[in-house]
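Reviewing the structure listed below.
The values are calculated or read from the model by the stated rules, or taken from the named source; none is laboratory data. Treat the numbers as computed from the prediction; the structure is a model and nothing was measured. Here the Cβ positions follow ideal geometry from the backbone for every residue, glycine too, while neighbour counts run over all protein chains shown. Just so you know, the surface numbers come from the protein's heavy atoms only, side chains and all, with ligands and any DNA or RNA stripped out. Shrake-Rupley method; radii C 1.70, N 1.55, O 1.52, S 1.80 Å.
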Amino acid sequence: MADKKARLTVEGLDGAIELPVYSGTEGPDVIDVRPLTGKGLFTYDPGFVSTAACESKITYIDGDQGILLHGGYPIEQLADKSDYLEVCYLLLNGELPTEEQKTVFVNIIKNHTMVHEQMSHFFNGFRRDAHPMAIMVACVGALSAFYHDSLDINDAHHREVCAFRLIAKMPTLAAMSYKYSIGQPFMYPRNDLGYAENFLHMMFGTPCEEYKPNPVLAKAMDRIFVLHADHEQNASTSTVRLAGSSGANPFACISAGIAALWGPAHGGANEAVLTMLEEIGDESNIAEYVERAKDPEDPFRLMGFGHRVYRNFDPRAKVMKATCDQVLKELGVENEPLLKIAKRLEQIALEDPYFVERKLYPNVDFYSGIILKAIGIPTSMFTVIFALSRTIGWISHWSEFHSSPNRIGRPRQLYTGPKMRDYP
Ligand code: CMC
């Protein structure tokens, strides 16, 4: 399997250690460092900056070129020509569906959209002002107490059914977390609607009158789902893989992924961007915030800028910006002050040497919040929508992990605590 060999010499050790080097279909070669353990050595890579933790066929990112591929297909093409459920099929199966396969898949998802009626009782335990992400962590984890018919992780069919349930039920649970916070009745899913339309119906519909989703907004919502669907081994996906590696319940693993996503350095950035834009408030205040972001003594960062992998541009951000323009035009709010601040901020950051030298470009979260706000989605729901979209990525990686030979994830450490000593 090794295409090449690397030779490592270590001071104090005789001779070179030979390490296999593997080549993927795209991207950098990887050095197999496992033989080092036998020599009493570990590798050290806090933040996993240069560690390939697994082999995967699902998604590829070239951060220098600003390329994101799912099953080999560029994200721009998927956003333009495909739709979320088709991308779900692609991520789960590695190939785009035929027309017939797609019809079957869409129907299966539609047949799983309801959650067990008892799930609604879980919501009553939360305070009205509970953050919807807190509710999602709990309620998606709670799914592990239901659906015992699909919990054999070694059974490929069970894994598939589990994925269907998650894709179908996440919009229902997400909308329930919103309805609970505003004191409105939960809306049951409507299977005559498309995936994004149904989500908008459950969010904004009421039992009092029929809700007619605006097709432009539904399309924008679907595109937001597509753009967030997967992003290879990011913090939340790696969390799901690691939790899954112990053989844990899949719904509990997804709940762990939601928790990892919540932080502002990851999925929580979309909420943080909007809060930041509102705090800036006026174009005249931008310079002050840019200076704060550059000050090493100030923990403030420009939210929605920078990415661990993209060092050129985030291809998702370009599509998101175009979608943002369409949505604001459709709603007749092209002069939305927050958009003006966002565009000016982007322009300043793209020219400022601090951001240019560090290759800090707007990321996917920079424009998504403005679109979501325009659609009428409250800020606290932004990261929930990211979680809803990313669930397919998480479960595809979880499934890939269990479909191939695997072992529990167990990183090592550089121990710098006290040496062994006797208890006084
Ligand atoms: N504003 C100001 N300075 C920044 C920013 C920022 N948004 N991001 C990075 N830097 C600076 C950082 O201070 C450091 O400077 P120096 O070399 O002088 O110490 C340098 O750029 C490298 O930063 P880093 O923290 O080592 O980079 P990282 O790869 O560990 O972090 C990141 C990546 C996304 C967490 C970070 O860029 C960040 O905090 N961005 C803001 C939050 C955000 O928008 N997150 C969403 C990511 S995209 C959605 C997703 O996939 O979750």
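Numbers below:
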{"quantity": "Contact order relative to length of the chain, as percent, for alpha carbon pairs under 8 angstrom and 6 or more apart", "calculated": "20 percent"}
{"quantity": "Rel. contact order, % - alpha carbon contacts under 8 angstrom, at least six apart, region 27-99", "calculated": "18 percent"}
{"quantity": "Kirkwood Rh and Cα Rg combined as Rg/Rh, region 202-282", "calculated": "1.10"}
{"quantity": "Among ILE395, ALA220, LEU274 - extreme Cα towards positive end, dipole of the chain, charges at beta-carbon", "calculated": "ILE395"}
{"quantity": "Debye log10 I(q)/I(0) at q = 0.08, 0.12, 0.16, 0.20 Å⁻¹ for region 167-322, Cα point scatterers", "calculated": "-0.33, -0.73, -1.16, -1.35"}
{"quantity": "Region 274-402: proportion of alpha-carbon pairs further apart than 23 angstrom, %", "calculated": "37 percent"}
{"quantity": "Normalised convex hull volume, region 375-424, alpha-carbon set, Å³ per residue", "calculated": "194 Å³"}
{"quantity": "Cα convex hull of region 134-181 - mean projected area over all directions, nm²", "calculated": "3.4 nm²"}
{"quantity": "Kirkwood-type radius of region 305-364, with distances r between different C-alpha atoms, in Å", "calculated": "12.3 Å"}
{"quantity": "Rg/Rg_ref, region 326-392, where Rg_ref = 2.2 N^0.38 Å and atoms are Cα", "calculated": "1.29"}
{"quantity": "Contact order relative to length of region 141-255, as percent, for alpha carbon pairs under 8 angstrom and 6 or more apart", "calculated": "30 percent"}
{"quantity": "Cα-based equivalent ellipsoid, region 253-350: semi-axes from gyration tensor eigenvalues, Å", "calculated": "23, 20, 14"}
{"quantity": "Area of HIS158 that stays accessible when all protein chains are in place (1.4 Å probe, Å², to 10)", "calculated": "40 Å²"}
{"quantity": "Partner aspartates and glutamates for LYS4 [C-alpha distance under 12 Å; skip if fewer than 8 residues away on the same chain]", "calculated": "GLU18, ASP29, ASP32"}
{"quantity": "Region 1-103: proportion of alpha-carbon pairs further apart than 23 angstrom, %", "calculated": "47 percent"}
{"quantity": "Accessible surface, per residue, of the chain when the full set of protein chains is kept, probe 1.4 Å, Å²", "calculated": "50 Å²"}
{"quantity": "Listed pairs LYS102/LYS373; LYS57/LYS318; LYS39/LYS359; LYS57/LYS373; LYS81/LYS212; LYS179/LYS373 exceeding 27 Å between Cα atoms", "calculated": "LYS102/LYS373; LYS39/LYS359; LYS57/LYS373"}
{"quantity": "Cα-only Debye scattering, region 97-171: base-10 log of I(q)/I(0) at q = 0.12, 0.21 Å⁻¹", "calculated": "-0.41, -0.99"}
{"quantity": "Assigned charges on the beta-carbon of Lys, Arg, Asp, Glu; region 339-424 dipole about Cα centre (debye)", "calculated": "260 debye"}
{"quantity": "Ratio Rg/Rh [Cα only; Rh per Kirkwood] for region 156-200", "calculated": "1.07"}
{"quantity": "10 Å-binned pair-distance histogram of region 153-254 (Cα, whole percent)", "calculated": "14, 36, 32, 17, 2"}
{"quantity": "Cα-centre dipole for the chain with unit charges at Cβ (Lys and Arg positive, Asp and Glu negative), debye to 20", "calculated": "880 debye"}
{"quantity": "Area projected by the alpha carbon convex hull of region 20-176, averaged over all directions, nm²", "calculated": "13.9 nm²"}
{"quantity": "Nearest-10 value in Å² for the accessible area of THR103, using the 1.4 Å probe", "calculated": "80 Å²"}
{"quantity": "Mean projection area, nm², convex hull over Cα of region 261-307", "calculated": "3.3 nm²"}
{"quantity": "Dipole in debye (nearest 20) - region 16-104, about Cα centre, beta carbon charges: Lys, Arg +1; Asp, Glu -1", "calculated": "400 debye"}
{"quantity": "Anisotropy class of region 39-87 from Cα gyration tensor, a/c 1.5 cut", "calculated": "prolate"}
{"quantity": "Percent carbon-and-sulfur accessible area, the chain, ignoring ligands, DNA and RNA, probe 1.4 Å", "calculated": "52 percent"}
{"quantity": "For region 321-337, Karplus couplings with θ = phi - 60° (6.51, -1.76, 1.60), whole Hz, Gly/Pro x", "calculated": "5, 5, 5, 4, 4, 4, 5, 5, 5, 4, 8, x, 10, 4, 8, 3, x"}
{"quantity": "Dimensions (Å) - the chain, Cα atoms, principal axes, largest first", "calculated": "78, 59, 58"}
